[in-house]
Amino acid sequence: MENLDLKQMATMVGVIAEEKNLPKETVLDVIQMAIAAAWRKDNGDREMNVRAILNTKTGSADVFVAREVVEDGVAYNPSTEIPLKEAGKGKKVGDIIEEKHAVTSFGRVAAMTAKQVVVQRLRDAERDAVLAMFEDKIGTIVTGIVSRVEPKIVRIDLGKTTGIMPKSEQIDGEYYSVGSRIKVFIKDIERGERGAQLILSRGCAEFVEYLFRQEVPEIENNTVEIRGIAREAGRRTKIAVASTVPDVDPVGTFVGGRGVRVQAVTNEIGEREKIDIINWSDNASEYIREALSPAEIVKVEIKDKKAKAYVTEDQQSIAIGRQGQNVRLASKLTGYDIDIELAKAPEKKKKKNVEDSLLSALEEAEAE
């Protein structure tokens, strides 16, 4: 196509909008961007700041080239700047002026450029419109189908759109097969130069928290609360819970009868990941003791946001955990930098032997 049929493009705005389920304003903006890109291709360069206006009634279009007014006698870029003496009366340095050009026809290369812009921009607009539907679903769990597995990301088909699960959001050691159905947490919509992207997660702490919210109805009526959660996906999760009602055991509520509730969460995240459910406490020392479970703590010393937890020798490895995992998660959960220290064994009094006892008795008798 050697020319862009502007009249045809003008009449197609409504048709494209209906077909793509997009607002007419969005489609018109895309077409105007394409006209500006095509004009720039034929008449200027990439640096030019060009905008286009398409009259949908007449099918005519104009482009406007913006340039900034600069001082006379200084080096300037003619694509984006204009000297003061050429700017016209009433203009001053720093003003932006626009030169209007009527659009008549485009060359073959420019027309192809315009077509590419329309296709790409409409695709981006469609994706943005679909992602906007997921705005209110951020922070919830949805079910999707694994559509593609790459070294650093897994692509999940959610029906109307596809989201990505980066390596950092995956469960360590979990295998994803194409075609399998999985639950994912909608973490965020990331917007960048390449457009918007739905970020999904199975490895974040919020994923486990949401799973518990689905299994523990007492959370909804505020009988029990989740006060903190720390997670190393695929390995261990620590979750601190509290009760707002006297005589209600928060840990037991989350575990469920015969462990059915915590088991339901474990079934989703994998048996390899252990879940520690502990009692939250507003007493920092008590909270740290709970957070370091299953280790038994002798005493806790706190200074500012640092804490020393003293343990007996047989509890040291339990308190630290494999590769420091237990104390690391406890620190993350409580907000204290925790060090594990060995408690000093109490000094034992020396037992007197029989001979020492007899000598002492004789000495006391002679003295009398």
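Read-outs throughout are calculated quantities, based only on the coordinates presented, and are distinct from any laboratory measurement. All of these numbers come straight from a predicted model, not from anything done at the bench. Glycine also receives a Cβ, built like all others from the backbone with ideal geometry; neighbour counts cover every protein chain displayed.
Over all pairs of different C-alpha atoms, the range 217-280 has a mean inverse distance whose reciprocal, the Kirkwood radius, equals 12.1 Å.
What percent do you get for the relative contact order of the chain when only Cα pairs under 8 Å and 6+ apart count? Could the numbers behind the result be given before it?
Numbers: 624 pairs, mean separation 33.0, N = 368.
For the chain, the relative contact order is 9 percent.
Among the GluC sites (Glu not before Pro) within the range 8-67, those in coil by DSSP and having at most 15 neighbouring Cβ atoms inside 10 Å are GLU47.
What the Cβ-Cβ distance of ARG108 and ILE138 gives, at R0 = 30 Å and to the nearest 0.05, is a FRET efficiency of 0.10. Helix 24-43 and the longest principal axis of the C-alpha atoms of the chain enclose an angle of approximately 60°. Residue order for LYS89, LYS7, fewest other beta carbons within 10 angstrom first, comes to LYS89, LYS7.
Greater than 19 Å separation of Cα atoms is the criterion. Which listed pairs, LYS183/LYS332; LYS303/LYS332; LYS187/LYS305, meet it? Where the Cα-Cα span goes over 19 Å, the pairs concerned are LYS183/LYS332; LYS187/LYS305.
Spin-label pair LYS20-ASP337: with each label point 7 Å from Cα along the Cα-Cβ axis, the two points sit 5.3 nm from one another.
Taking all Cα pairs closer than 8 Å and separated by 6 or more residues, the relative contact order of the range 134-271 comes to 19 percent. Dividing the radius of gyration of the alpha carbons in the chain by their Kirkwood radius gives 1.29 for Rg/Rh. The distance separating the Cα centre of the range 94-138 from that of the range 271-315 comes to 57 Å.
Among beta bridges from DSSP that stay inside the chain, the antiparallel ones total about 75%.
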